[in-house]
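Student: Supplied in structure tokens, the structure appears directly below.
All of the numbers you see were taken from the coordinates with simple rules; none came from a lab. What you are looking at is a predicted structure, and each value in this text was computed from that prediction instead of being measured. Virtual Cβ from ideal backbone geometry, glycine too; neighbours counted across all protein chains shown.
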Amino acid sequence: MDVARRVRELYRYAATFQGWLWMGVLTLVGGLVLAPPVLLIAPLWPRARHHFADLVHRILALYIRSVMYMRVEVEGRERRADGTCVLVANHQSWLDPLVLMGIEPRLGGPVRRYMLEVPVFRTIVRLAGFFPSEIGELAALEALRESVASARARNGSLLFFPEGTRSRGGEVGPFHRGAFRAAFDHGLAIQPVVIEGLERVLPREGPIVQTQGRQVVRVRYLDPIGPPFALGAGERRRDRVRALSDRARAALIEELERMRAERAPQARLATRARCSTCPSSRDSSTSL
């Protein structure tokens, strides 16, 4: 048993090392090799930024397919809103944006300022279409307007994690309303997306992978909440924005609970299969 446990631990640390090494290599290549030419030609050819965003998407798609610690499954893609929209997702792990950017092409939106303090990473993030914004802070109207215009021009979308930070224990926290103000003000559909499984793979508490083998991570698209968002008689803008936020949060919570319930029988079967091979299980089954 000690040998088996050590082998599992070795795999876990090897998977962690491979994931961080791969991410570091991709960041350096993107920031030092691919980004400088784009910065040079973008003033003359603005579409260079769009092609850079496409390249980031392909690189991250490769990343999430090749890491040793997860296997991403996308569900409900047929429900995805057409064209430019505001994607809102629950936030469990620092891997969340990487997974979604590997699934969705040309995503932009707000990003925490501390992430822009790393020179190479800052260049990639800005070229990909993100702008700085802190938790609970209203994004600058001009920055948001430019981000929406850029998303529409490149047929991309905006990515928001309305919780503002990674949740503890995988539960959906309170929502900030910036994403829903953006959708209301610019007439964009709200596309809820549920991520299930990353809170077990790489939770908020540390940088080491916590699961064994390639954990299945599911990304499920829900029905979009579409415009028009016209105000009713006597209705205030902030009330409608709050209602949109509450509706999206309720949908995410309900679907996340459903997805966890779906996983539970599979987890029990996997546990029984593992236990059936251990001496104690064989002895007890024989005694029965």
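Student: If I stretch the segment between residue 27 and residue 79 completely, what's the gain in nm (0.36 nm per residue apart, minus their alpha carbon distance), one decimal?
Tutor: Contour length minus Cα-Cα distance gives 15.5 nm.
Student: I've got another one for you. Out of 85, 62, 186, whose Cα points farthest toward the positive end of the dipole of the chain (charges: +1 Lys, Arg; -1 Asp, Glu; placed on Cβ)?
Tutor: The one lying farthest along the dipole's positive direction is 62.
Student: Helix 47-66 against the longest principal axis of the chain: what's the angle in degrees, Cα atoms only, rounded to the nearest 10?
Tutor: Around 10 degrees separate the two axes.
Student: Turning to a different aspect of this structure: Would you pull out the residues with amide H under 5 Å of residue 106's amide H, same chain only if 5 or more places away, H placed 1.01 Å from N?
Tutor: Counting only residues 5 or more places away or on other chains, the set is 57.
Student: Treat each spin label as a single point 7 Å out from the Cα along the C-beta direction, and report the residue 94 to residue 153 distance in nm.
Tutor: Here the answer is 3.2 nm between the modelled labels.
Student: How big is the antiparallel share of DSSP beta bridges in the chain, given as a percent to the nearest 5? It would help to have the intermediate numbers written out before the result.
Tutor: Values: 5 of 24 bridges.
Beta bridges within the chain, antiparallel portion: roughly 20 percent.
Student: Which of (i) 72, 52, 31; (ii) 61, 54, 29; (iii) 58, 41, 32 is the computed Cα extents along the principal axes in Å for the structure on display?
Tutor: Answer by label: (i).
Student: Now, a different point. Go through segment 105-121 residue by residue and turn each phi into a ³J(HN,Hα) via Karplus (6.51, -1.76, 1.60, θ = phi - 60°); whole Hz please, and just put x for glycine and proline.
Tutor: For segment 105-121, the Karplus curve yields x, 6, 8, x, x, x, 9, 4, 5, 4, 6, 8, 7, 8, x, 5, 5 Hz.
Student: Between beta-carbons, use under 10 Å as the cut-off and find the net charge around residue 197, counting Lys and Arg +1, Asp and Glu -1.
Tutor: Net of charged neighbours comes to +2.
Student: A further question follows. Quick one: which of 215-221, 252-258, 87-93, 40-46 comes out on top by average Cβ neighbours within 10 Å, and what's the full order, highest first? The partial results should precede the final answer.
Tutor: Values: 215-221: 20.1, 252-258: 16.6, 87-93: 24.9, 40-46: 11.1.
Descending mean neighbour count gives 87-93, 215-221, 252-258, 40-46.
Student: What is the spin-label model distance, in nm, from residue 261 to residue 66 if the labels are put 7 Å beyond Cα along the C-beta direction?
Tutor: Each label point lies 7 Å from its Cα, and together they span 4.0 nm.
Student: At R0 = 41 Å, how high is the FRET efficiency between residue 41 and residue 8 if r is their beta carbon distance? Nearest 0.05 is fine.
Tutor: For residue 41 and residue 8, the calculated efficiency is 0.25.
Student: Could you work out how much longer the chain between residue 246 and residue 116 gets when fully extended? Use 0.36 nm per residue separation minus the Cα distance between them, nm to one decimal. Kindly include the intermediate steps, with their values, before the conclusion.
Tutor: On the way: separation 130, 0.36 × 130 = 46.80 nm, distance 3.03 nm.
Here the answer is 43.8 nm.
Student: Can you give me the Cα centroid spacing of segment 153-190 and segment 32-110 in angstrom?
Tutor: 16 Å
Student: Then there's this: Cut-off 10 angstrom, C-alpha nodes, Gaussian network model of the chain. Which of 60, 26, 159 fluctuates the most?
Tutor: Maximum fluctuation in the GNM of the chain, among the listed residues, is at 26.
Student: With 10 angstrom as the radius, rank 23, 70 by how many other C-beta atoms surround their C-beta, starting from the fewest.
Tutor: Fewest to most other Cβ atoms nearby, the residues stand as 23, 70.
Student: Answer with one residue from 228, 38, 245: the one whose Cα lies farthest towards the positive end of the charge dipole of the chain, charges on Cβ with Lys, Arg +1 and Asp, Glu -1.
Tutor: Of the candidates, 38 comes out farthest on the positive side.
Student: For segment 2-278, give the magnitude of the charge dipole about the Cα centre (Cβ charges: +1 Lys/Arg, -1 Asp/Glu; no others), in debye to the nearest 20.
Tutor: My answer is approximately 420 debye.
Student: Which net charge results when you count Lys and Arg as +1 and Asp and Glu as -1 among the other residues whose beta-carbon is under 10 Å from that of residue 79?
Tutor: On the way: positive: 77, 80, 220; negative: 75, 78, 223.
Here the charged neighbours net out to 0.
Student: In deg cm²/dmol and to the nearest 500, what is the mean residue ellipticity at 222 nm of the chain if only DSSP H runs of at least 4 residues count, each as -39500 (n - 2.57), divided by the residue total?
Tutor: Value at 222 nm, helices only, nearest 500: -16500 deg cm²/dmol.
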